[in-house]
Amino acid sequence: MNLPIKVRLMSLAAAISLMGLVIGYMTVTSQRQASELRARLNQVDSESFRIADQFRDFLRQLNNSLFGYGSDRDPADRDKFLKASRELDLWIDEQKPKLTSDQEKNLMQQIDAAYDDFLRAANELQARLEPPGRQSATMADYTDVRKESQHLFDLGQSLAKAHYESRQRVLARVNQTITELRVLVLVSLGLLFVFGAALAAGVYRHMIAPLRVKLVESQALAERHEKLASLGLLAAGVAHEIRNP
């Protein structure tokens, strides 16, 4: 086999090895990306439910303590309200750095502003309840507080919905990544098959086919030698008979 043929076959073998490495790398990469995206998806799910539940709990504590103070004028209810309001204010500040999408950040800004309006309405209600001898608060006294509380609740639901939409985007990215990896694997397998077929054809053409030709030539030469040998024996026998009739 001459040098160019050896170089060609070695190039095909190297290409096949490279494609095998590429397929292995894509398999490992796809598993890693799938794990990362799955973890991200679980994180978004947990954050969506956690935000909705925590926000709902904070609002419930605020409203219960405020309504309790309006009914019984118990200072303990006022203290509960102040504690819950500080916790919700701290919670809002903690959530801001965790948000990723513009929609979530915008909603959190609205929640922050709406919470200030809620506190202002709550402070006005408490101020109206401060004079001695003031009767328990009526439903009309809670009008502003209930309106601001409902606004806060709606914004909290919208924030949870925005988290869910982030989940859908992550899920769409997962599906897109899986589709792209599937296409890449199929293309790589097709190229691997083509290179393998080319290598097999090259080996057959430059190695197996010449050997078969040489084998056929050797068999034909052996048969010729056998015929010549037979003719030689026949000629020797005829000559012997002629000399010794």
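The values are calculated or read from the model by the stated rules, or taken from the named source; none is laboratory data. If you're wondering where the values come from, they're calculated on a predicted model, not measured in any experiment. Cβ sites come from the backbone with ideal geometry, for glycine too, and all protein chains shown count toward neighbours. Note: accessible area is taken over every heavy atom of the protein model, side chains too, but ligands, DNA and RNA are not part of it. Shrake-Rupley method; radii C 1.70, N 1.55, O 1.52, S 1.80 Å.
In region 183-193, which residues are loosely packed, with under 12 Cβ neighbours inside 10 Å and under 16 Å from the mean Cα position of the chain (by Cα)?
Result: VAL183, single match.
How many residues are open to solvent by less than 80 Å² (accessible area, probe 1.4 Å) and either at pLDDT 80 or above or on the phi < 0 side of the Ramachandran plot (or both) when one looks only at region 118-133?
Step one: list which residues in region 118-133 are open to solvent by less than 80 Å² (accessible area, probe 1.4 Å), which gives 118-119, 121-122, 125-127, 129, 131, 133.
Next, only the ones that are either at pLDDT 80 or above or on the phi < 0 side of the Ramachandran plot (or both) stay: 118-119, 121-122, 125-127, 129, 131.
Of the residues in that region, 9 qualify.
Name the single residue, out of those in region 61-117 being among the acidic types (Asp, Glu) and touching a residue at least 40 places away in the same chain (Cβ under 8 Å), that is surrounded by the fewest Cβ atoms within 10 Å (Cβ to Cβ).
Our first condition is that a residue be among the acidic types (Asp, Glu); within region 61-117, this holds for 72, 74, 77, 79, 87, 89, 93-94, 102, 104, 112, 116-117.
Filter once more, so that each one left must be touching a residue at least 40 places away in the same chain (Cβ under 8 Å): 72, 104.
Working: ASP72: 11, GLU104: 23.
Here the residue is ASP72.
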